[in-house]
Amino acid sequence: MTIETTSRPEHFLHRIIREDLESGRVPGPIVTRFPPEPNGFLHIGHAKSICLNFGLAEDFSGRCNLRFDDTNPHKENLEFVESIQADVRWLGYDWEDRLYFASDYFEQLYVFAQELIRNGDAYICDLTAEEIREHRGTLTEPGRNSPYRERSVDENMDLFARMRAGEFPDGSKVLRAKIDMASPNMNMRDPALYRIRHGVIHHQTGEAWCIYPMYDYTHPISDALEGITHSICTLEFEDHRPLYDWVIQHVSVPCRPHQYEFSRLNLAYTVMSKRKLTTLVGENLVAGWDDPRMPTIAGLRRRGYTPESIREFCSRIGVTRSDNLVEMGMLEDCIRGDLNERAHRRMGVLRPLRIVLTNYPEDGEEWLSAANHPQKPELGERKIPFCREVYIEHEDFMETASKKFKRLVLGGEVRLRYGYVIRCDEIVRDAAGEISELRCTYDPDTLGADPEGRKVRGVIHWVSARHGVETEVNLYDRLFVEESPDALEDFRQGLNPDSLQVLEGCRLEPALADVPAGEAFQFERVGYFCRDSGSADAKRPAFNRIVTLRDSWAKISAQE
RNA sequence: UGGGGUGUCGCCAAGUGGUAAGGCACGGGAUUUUGAUUCCCGCAUUCCCAGGUUCGAAUCCUGGCACCCCAGCCA
């Protein structure tokens, strides 16, 4: 990790585990788990959970399992179980041989359900979904008992077996826990434990089952079977904890795991719910799960974020139980910090303006030395071609400007990075009156040396017109113009129409011609970029802007 | 109007009765062949509000207020 890991205060879950270990409440090594449902790609909110669960296991020399919570075949598929594993691995975590599926436990889950029935703790209910809702009551009124609540154990056992055997149609029956229809906690009002689902092919169990267990029933038992010591989830499950404990207490499970909750991550100007991300992908509002504008792990990876920067981010935001909305600036600082250390420097001109050096030989050419990383000479250097015509950034020239502008102006001088000092003598305009070219002269005595008797304040980047590689560059901005799209009636109304800007005709120094996709470079004075992985077989490589460099000039010029 | 949570700087976030850490952002300065980096300096007399206990309260007590979650045969 190239980012300096500053010591951070201990968060509440770390403290709980440390104390459990110190007091002996938990004797052995701790066991946590990351339990995604394979119904979508992982996003940075999941990264927080992954870093937490795997990180805690690392900190205390315990283990962390990867377990797919695949109890709802209707929404899940193999593409997602594969992408999830790839993402967790990419983040740098290893579950070794502990890859589990809740569906691995279907048979055991079934036997435990029989135990509940035998003990009078569960019953088969024939009410329809709507009738169940009506019987449930409201937040302020208690519910009413189902007319099927007092069925005999024998009848329940028989009915449950026949449910499994496929004798009843979808929705006709459900297995329910017998708890308390008057509980102020809605989750305890005889929650459904099993439902009937015919005709779906489960990605792991195929057509072996037509009844599927619910999350509230499956999760605690899966935890217990795996010997999970600390079952960590997000705050919206806090109301489910009494049910989690109820299940653990009413079934002969090998151990008693405990559930702890923390608050989920919210990032400004984006959405973090799988439902909404699925909508963006499904309605082609973005180019896919790995669109570089997406807050998904796959999107961030394609954008050029490093695993280290994401882990650093998760460490910086901390773990608490309070609602939060983290600024993008926090994430951006993490990737800048990482890339500043490791990215090699290159030059690239996004909006080219042609310069002709009138006093440079027509067919002259020289190769100048440039450091790969000015602060790290050990990273070596490369050669950059220089000739009579070069491109500079259009915004680095102004016909006239205030004294604060230290780039090129008509009649003024500026240094070409790693090259000579040039002076602008003349502006050439096209038919529309737009600046199309600059006629300049270079000072041959200024290569690696300051000019005599003058001070040149500015340094700008450039690319040889004859040698530069023409390319397309994708500039990304926030996906939403709304800080909290979730607060909108329709979150799609908050989308930023300018979140992607494609620049054509950009020029890059030759050293950038054949770089592998995903490797980050700093285009000096501009930002960090990497070749897009989606363009591997494209004729010309497209580059993605990962993040801009900090730009204090933008603040100054904005004030004028 | 039931139950469960949360409220410390613009944003994260330490703090657990002894007189408000840190990071991001922001402002100022130094160095710089990246207006980048790096380096200094500044940035909560105050902890949702109001009472109370105490020599002393962000921390304890009482009463308010605000916000989040819960009425799927989703997870």
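Derivation of every value follows stated rules applied to the coordinates shown; laboratory data play no part. From a predicted model like this one, the values you see are computed outputs, not experimental measurements. Glycine also receives a Cβ, built like all others from the backbone with ideal geometry; neighbour counts cover every protein chain displayed.
Listed values, structure above:
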read-out	value
Sparsely packed trypsin sites (Lys or Arg not before Pro) within the stretch A:422-464, loop by DSSP, other Cβ within 10 Å at most 15	A:Arg454, A:Lys455, A:Arg457
Straight-distance crosslink candidates among lysines, where the alpha carbon sits under 29 Å from A:Lys404 and sequence neighbours closer than 8 are dropped	A:Lys455, A:Lys555
Helical contribution to [θ] at 222 nm, DSSP H n ≥ 4, -39,500 (n - 2.57), averaged over chain A, rounded to 500	-8000 deg cm²/dmol
Total charge dipole magnitude, chain A, about the Cα centre, Cβ charges on Lys, Arg, Asp, Glu only, Debye to nearest 20	820 debye
Helix A:12-23 vs. chain A, principal-axis angle (Cα, 0 to 90°, nearest 10)	50 degrees
Environment charge at A:Phe80 (Cβ cut-off 11 Å; Lys +1, Arg +1, Asp -1, Glu -1)	-4
Rounded to 10°, Cα long-axis angle of helix A:78-91 versus longest principal axis of chain A	60 degrees
Cysteines, chain A, no other Cys beta-carbon under 4.7 Å	A:Cys64, A:Cys125, A:Cys210, A:Cys233, A:Cys255, A:Cys334, A:Cys387, A:Cys424, A:Cys440, A:Cys506, A:Cys530
Share antiparallel - DSSP beta bridges, the stretch A:380-537, percent rounded to 5	85 percent
Sparse-neighbour loop sites [GluC sites (Glu not before Pro); the stretch A:107-155; at most 12 other C-beta within 10 Å; DSSP]	A:Glu150
Between the stretch A:394-418 and the stretch A:202-223, the Cα center-to-center distance that results, in Å	67 Å
The stretch A:348-461: relative contact order in percent, alpha carbon pairs under 8 Å with at least 6 residues between	28 percent
Positive dipole terminus of chain A, leading residue within A:Ser499, A:Val421, A:Pro254 (C-beta point charges)	A:Val421
Fraction of antiparallel bridges per DSSP, chain A only, in percent to nearest 5	65 percent
Net charge of Cβ neighbours under 9 Å - reference A:Met181; Lys, Arg +1; Asp, Glu -1	+2
Bins of 10 Å from zero: percent of alpha-carbon pairs in chain A	3, 15, 21, 20, 15, 10, 8, 6, 3, 1, 0
Neighbour cut-off at most 16 other Cβ (10 Å), DSSP loop, GluC sites (Glu not before Pro), the stretch A:377-447	A:Glu399, A:Glu434
Point-charge dipole on Cβ atoms (K/R +1, D/E -1) for the stretch A:12-262, about Cα centre, debye to 20	300 debye
Unit charges on C-beta of K, R, D, E only; dipole of the stretch A:110-234, Debye	100 debye
Helix A:307-317 axis, angle to chain A major axis (alpha carbon atoms, nearest 10°)	70 degrees
Positive-end extreme of charge dipole, chain A - chosen from A:Gly518, A:Pro374, A:Phe12 (charges on Cβ)	A:Pro374
Principal axes of the stretch A:12-262: Cα extent on each, largest first, Å	51, 40, 32
Relative contact order %, chain A, counting alpha carbon pairs below 8 Å whose residues are six or more apart	12 percent
Options A:Thr471, A:Val31, A:Val409, ranked by Cα towards positive dipole end of chain A, top entry (Cβ charges)	A:Val409
